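Notes to accompany the following structure.
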Amino acid sequence: MNEIISLTARELSEKLQAREVSSEEATRTYLERIEETDERVHAYLKVLGDEALEAAREADKHLGNGNGSSPLLGLPVAVKDLLCMKGTPTTCGSKFLENFIAPYDATAVRLLKEAGAVIVGKLNMDEFAMGSSTEHSAFGATRNPWNLETIPGGSSGGSAAAVAARTCAISLGSDTGGSIRQPAACCGVVGMKPTYGRVSRYGLIAFASSLDQIGPFTHTIYDCAMMLNAICGHDPLDSTSSGEAVPDYTKGLGAGAKGLRIGIPKEYFIEGMDPEVEAAVQGAIEVMEDMGAEIQEISLPYTKYALPCYYIIAPAEAGSNLARYDGVRFGLRVQEDTSEYGPLHGMYAGSRESGFGEEVKRRIMLGTYALSSGYYDAYYTKAQRVRTLICREFREAFKSLDVIMSATTPTPAFRFGERMDDPISMYLSDILAIPCNMAGLPGISQPCGLTSSGLPIGLQFVGKAFGEQEVLRAAAAFEGATSHHLALPPL
């Protein structure tokens, strides 16, 4: 493997700052890697070769000036294709937006550009972020670099696979119900969902507005902290953006596990969990305990309600958000003249029928039903009340804990098509990740082993609201005591 793409983001940043490597050289290397491998992986929907090289040359003018430049300056990164980037296609993995060119930058994209990062492309995803396998992309599935016959997870499968395949140094994804942590686990990389409101959602094409959150995929915990430093902070363009002060997340990563109070929820070791996943997580618990962490078994009984509540609240919000896609202002327009209600209704029906995929239609129907007259209180209102109970349960637990530890997913990556005809089985992929979203808490997934068939296993740490530092500290302690993050996919 080429030396440049074998480096962590931190290592490459140091070489760039020391002018041992130019950003243009690094960017060309990553673009060549994309050309060499992405026909097999299909992580990218759009490669921005010329634009990236131009940005790299600009970065090279500022590298090594000793003026405290951002550690992201000159680093090749990529972003999930639901983040608007001015002048580039932003498809959200949907035929509806196949020809949509974003007129502005999402705040997270703007912050990357201001930090001098070089954006090499837009990444594949489940359509409108609805899926756990990236099989629901309208432009073809992304494949897992560890085994091309298995899924990379979803909905940010392209973002996870791109980092795992070494076709970018860092990527951005989004997490509504596990969509950063689950693909990170499947692809053997680090993926973090910050606290809700910690990263601006302005310019993120919405799935479920009370759940969506942007976060990074990286090779190491330090790289993750470095990326968070760049994208976190208050944004007046996002009314849900928090004004909470943003610390330097790279500080304190070496504090170790001694004295950390770690909760192990018994409800997270669910029936049907893969024995190899369970064994790897139990091994990780022993590692943390050997380093001086205080391990406590805890109970989070409302955990079992998180998944059904999510599949009422998220589709309800999705149905509302996706109502804007009607063929009128942007995106696909199909005129269906056979509607008995006239040409306007025909345009709505034709555009939505042709533009949306089956999974998106399924969730719109679920959400419409949950919000319909006579069912709103029975489903949506009740789900929101249970969500409040889940939040309270976590708050109570964190009175005596620093972090909660569990598997990220109950099984490793599954084969393509294995769950496409069984939506419930597909939804269960996120069962251990969803409670974190329902409560708006920060969570991270990192590698903690491989199965006998060579597939990655993910370990999850969850913290209290705005407790990213404790989560990163715990994750860094585990990473420092093990070598799982050094494993490379056969690709």
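The values are calculated or read from the model by the stated rules, or taken from the named source; none is laboratory data. Just so we're clear, the structure is a prediction, and the values are computed from it rather than from any experiment. All Cβ positions, glycine included, derive from the backbone under ideal geometry; neighbour counts span all protein chains shown. Surface accessibility is based on the protein's heavy atoms, side chains included, excluding ligands, DNA and RNA. Shrake-Rupley method; radii C 1.70, N 1.55, O 1.52, S 1.80 Å.
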- line: Each label sits 7 Å from Cα toward the beta-carbon; between residue 354 and residue 369 the label points are separated, in nm, by 2.9 nm
- prompt: Counting only protein heavy atoms and using a 1.4 Å probe, what share of the accessible area of the stretch 13-96 belongs to carbon plus sulfur, as a whole percent?
  reply: 44 percent
- prompt: Hey, which aspartates and glutamates would be in cross-link range of residue 95, C-alpha to C-alpha under 16 Å, not counting anything within fewer than 8 residues on its own chain?
  reply: 81, 126, 127, 135, 326, 353, 358, 359
Alpha-carbon Debye profile of the stretch 1-137, log10 I(q)/I(0) at 0.16, 0.18, 0.21, 0.22 Å⁻¹: -0.83, -1.01, -1.24, -1.31
message: Quick check: Cα centre of the stretch 76-119 to Cα centre of the stretch 232-263, how many Å?
response: 25 Å
task: Mind giving me the nanometre distance, one decimal, between the label points for residue 290 and residue 486, set 7 Å out from Cα along Cα→Cβ?
output: 1.5 nm
message: Quick one: 3J(HN,Hα) in Hz for the stretch 429-435, Karplus 6.51/-1.76/1.60 with θ = phi - 60°, rounded, Gly and Pro as x.
response: 4, 9, 4, 8, 9, 5, x
query: So for the chain: antiparallel DSSP bridges make up what percent, rounded to the nearest 5?
result: 65 percent
- prompt: Gain in length, residue 148 to residue 425, computed as 0.36 nm per residue apart minus the alpha-carbon separation, to one decimal in nm?
  reply: 97.6 nm
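Using a probe radius of 1.4 Å on heavy atoms only, what accessible surface per residue do you get for the stretch 416-488? Whole Å² is fine.
Details: 2350 Å² over 73 residues.
In whole numbers, the stretch 416-488 has 32 Å² accessible per residue.
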Sorted largest first, extent of the stretch 279-335 alpha carbons per principal axis (Å): 65, 23, 18
task: Scan around residue 170 for amide H atoms under 5 Å from its own, H built in the peptide plane at 1.01 Å from N, and keep only partners 5 or more places away or cross-chain.
output: 78
- request: Set the Förster distance to 35 Å, then compute FRET efficiency between residue 25 and residue 258 from the Cβ-Cβ distance, nearest 0.05.
  value: 0.25
message: 5 Å is the cut-off here: which amide hydrogens, built 1.01 Å from N in the peptide plane, fall below it relative to residue 81, excluding neighbours closer than 5 in sequence?
response: 123
- line: Which of (i) 138; (ii) 151; (iii) 160 is the computed volume of the Cα convex hull per residue in Å³? It is (i)
- line: Counting only protein heavy atoms with a 1.4 Å probe and every protein chain in place, the carbon and sulfur fraction of the accessible surface of the stretch 311-380 in whole percent equals 54 percent
